[in-house]
Amino acid sequence: MPAQDSRELRIVGFLCNWCSYGGADTAGVGRFIQPTDLRVIRVPCSGRIDPLFVVRALMNGADGVLVSGCHPRDCHYSEGNYYARRRLELLKRFLPITGIDERRFEYTWVSASEGQRWQHVVTEFTRRIHELGPAPLFNPVSEADWNALALKASQGLGCSCHG
Amino acid sequence: MSQLDDLKAAIKDRLGELDCVIGWEQGYDALHATPLFIRSEADLDRLIIGPLAVHNLSTYLPGLKGKKVGIVVKGCDSRSVIELLNEKLINRDDVVIFGLCCDGVVSQRKIRAALSADPGFVESVTVGADDLKITVAGQNATLKLADVKADKCLTCQHPDAVLSDVLIGAKHGAPALASLACQDEFEAKSDAEKFAFWQETMSRCIRCYACRNACPMCVCRDYCIATSRDPLWVSQENSPTENMMFQMIHVSHLAGRCTECGECERACPVDIPLMLLRRYMNKQVKDVFEHQAGTALDQTPPLFTFKVEEERIHERGW
């Protein structure tokens, strides 16, 4: 049941098996209404998530990426989410220099019992992505775009001191 | 005695106990230096130092692990050596560090831009106190050293080797912290402008991996995920996306480890300003973890560890 009246966007969600996946399941069992734009990828632990998974998703056309794991101190593997927190925070801070809107990526913690919280997170994030609209594509889509890009690249526009 | 003579004497002293000492010599023309592997006293005659000796020679150290090696380092290079030591990629006992007090090195790209025609083969270069006299195709040109200094030298915080067994020359001390105008200008641009910039720039990338190969902290060698087929992170397609993806791999694997030696940017044959990404990432690392790679021994890179309570990561409430 879509919460928005507009076209669906592509949002990728990386959820930890032990908490957030369970939380999403709890929300489903509780029949909470959720937007359907999110595609869930279940991972064993948020520590398994290489920030490059997020980058790859964004570069390949995802409009938003949501990562959710266990709350700090609740990790099934004791410390996976502590490493994840450091990596994901750096990724979030790094995105602006690439020109990808950092609001398209978010990470958070949802436990298996927090169905309500999951509903809130997924609704809020989906709404944010809808406000941002579809993400721009890194690759040009047509032959004409390619040629325009190649021309611009050959002129080396953009950085005043690097040509 | 000049710095070079001091250095030669110091190397001569230790050469007997070492398999080789890595320094610089003149390359294919007077403007370009090339790495020199000194194995005997005769090789010492070819050694050069100064603003033309730009390479970060610590790139060679992990490959020579287990051998007794001497290395000549500038301030920035010594940071790479420290980072390699901290990550246990080399052994301290196997390395003899000849540290220099560096006055900065030149940027070949800036020299090329400052000369009226493409220099091609440069016949002679005279390095003065604050200028370079270049003879190319029978014509003389004088360039101010300050104008052709590499970007990294403009904001250098460690002109003297941070770690060394022998320190050559007079210490400069740490200069005031300055930021790079070009970096600030780029960071102030809008998302759309930056996005368009990388689209254009990355469509120019030929994915030759020179940036990776010149990087002293890229130590995966044959196991780099950018060139592996299993897992397949980057396809063979030469598109801006795939090229940018490769750079994202490079930056993320250097998060908290990059010592900003600028070798990636220098090695790039199509002049992609890769340091824009690296400097920005390093700024974030410093901001969140108060960490600067290679500035002290026995630091752990911030992504190799964690704290249960992170002081500087403020989780956003939902």
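The values are calculated or read from the model by the stated rules, or taken from the named source; none is laboratory data. Note that the structure is predicted; figures quoted are calculated from it, not measured. A quick note on method: Cβ atoms are made from the backbone with ideal geometry, for glycine too, and the neighbour counts reach across all protein chains shown. We work out accessible area using only protein heavy atoms, side chains counted, and drop any ligands, DNA or RNA first. Shrake-Rupley method; radii C 1.70, N 1.55, O 1.52, S 1.80 Å.
The figures follow:
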| read-out | value |
| --- | --- |
| Residue tally, condition part of a strand (DSSP E or B) and closer than 18 Å to residue B:105 by Cα, over the range B:128-140 | 4 |
| Where a residue in the range A:130-141 is away from every other protein chain (no Cβ under 13 Å) and touching a residue at least 60 places away in the same chain (Cβ under 8 Å) and its partner, wherever it lies, is surrounded by 12 or more Cβ atoms within 10 Å (Cβ to Cβ) and part of a loop (DSSP other than H, G, I, E, B), with Cβ under 6 Å and at least six apart | A:130/A:4; A:134/A:63 |
| The range A:104-134, residues that are in contact with a helix residue (DSSP H, G or I) (Cβ under 9 Å, 6 or more places away or on another chain), farther than 11 Å from residue A:66 by Cα and not aliphatic (A, V, I, L, M) | A:111, A:113, A:114, A:115, A:116, A:117, A:118, A:119, A:128, A:131 |
| Condition broken by residue A:78, with the remaining ones in (1) part of a loop (DSSP other than H, G, I, E, B); (2) more than 8 Å from chain B (Cβ to nearest Cβ); (3) surrounded by 15 or more Cβ atoms within 10 Å (Cβ to Cβ) satisfied | (3) |
| Residue in the range B:220-230 that is farthest from residue B:201 (Cα to Cα), counting only those that are part of a loop (DSSP other than H, G, I, E, B) and more than 10 Å from chain A (Cβ to nearest Cβ) | B:230 |
| Residue in the range A:94-112 that is farther than 19 Å from residue B:303 by Cβ and more than 11 Å from chain B (Cβ to nearest Cβ) present | yes |
| Residue match in the range B:212-219 (condition: within 21 Å of the chain's Cα centre (by Cα), in a helix (DSSP H, G or I) and surrounded by fewer than 16 Cβ atoms within 10 Å (Cβ to Cβ)) | yes |
| The lone exception for residue B:183 - which of (1) within 11 Å of chain A (Cβ to nearest Cβ); (2) under 21 Å from residue B:153 (Cα atoms); (3) part of a loop (DSSP other than H, G, I, E, B); (4) not basic (Lys, Arg) it fails | (3) |
| Check on residue B:275, facing chain A (nearest Cβ under 7 Å), under 24 Å from residue B:185 (Cβ atoms), within 21 Å of the chain's Cα centre (by Cα) and hydrophobic (A, V, I, L, M, F, W, C) | no |
| Qualifying residue in the range B:150-171 (condition: within 12 Å of chain A (Cβ to nearest Cβ), within 21 Å of the chain's Cα centre (by Cα), on the phi < 0 side of the Ramachandran plot and outside any loop (DSSP other than H, G, I, E, B)) | yes |
| Odd one out for residue B:6 among (1) of a type in the set (Asp, Glu); (2) part of a loop (DSSP other than H, G, I, E, B); (3) buried (at least 16 other Cβ atoms within 10 Å of the Cβ) | (2) |
| Candidate set from the range A:104-160 (those that are outside any loop (DSSP other than H, G, I, E, B) and among the aromatic types (Phe, Trp, Tyr)); member that is farthest from residue B:237 (Cα to Cα) | A:118 |
| Tally of residues being more than 21 Å from residue B:310 (Cα to Cα), facing another protein chain (nearest Cβ under 10 Å) and open to solvent by less than 10 Å² (accessible area, probe 1.4 Å) across the range B:249-272 | 3 |
| Residue, farthest from residue B:252 (Cα to Cα), within the range A:92-103, restricted to residues that are open to solvent by 10 Å² or more (accessible area, probe 1.4 Å) and assigned to a helix (DSSP H, G or I) | A:103 |
| Sole residue being more than 18 Å from the chain's Cα centre (by Cα) and free of Cβ contacts under 8 Å to residues at least 24 places away in the same chain, chosen from B:236, B:292, B:299 | B:236 |
| Single residue of the range B:31-56 satisfying the filter (touching a Leu at 6+ places or on another chain (Cβ under 9 Å) and over 20 Å from residue B:5 (Cα atoms)) that is most open to solvent (accessible area, probe 1.4 Å) | B:32 |
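Conditions tested, residue by residue: (1) without any contact (Cβ under 8 Å) to a residue 12 or more places away in the chain; (2) surrounded by 15 or more Cβ atoms within 10 Å (Cβ to Cβ).
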residue	(1), (2)
A:8	no, no
A:21	no, yes
A:24	no, yes
A:30	no, no
A:35	no, yes
A:38	no, yes
A:45	no, yes
A:56	yes, yes
A:64	no, yes
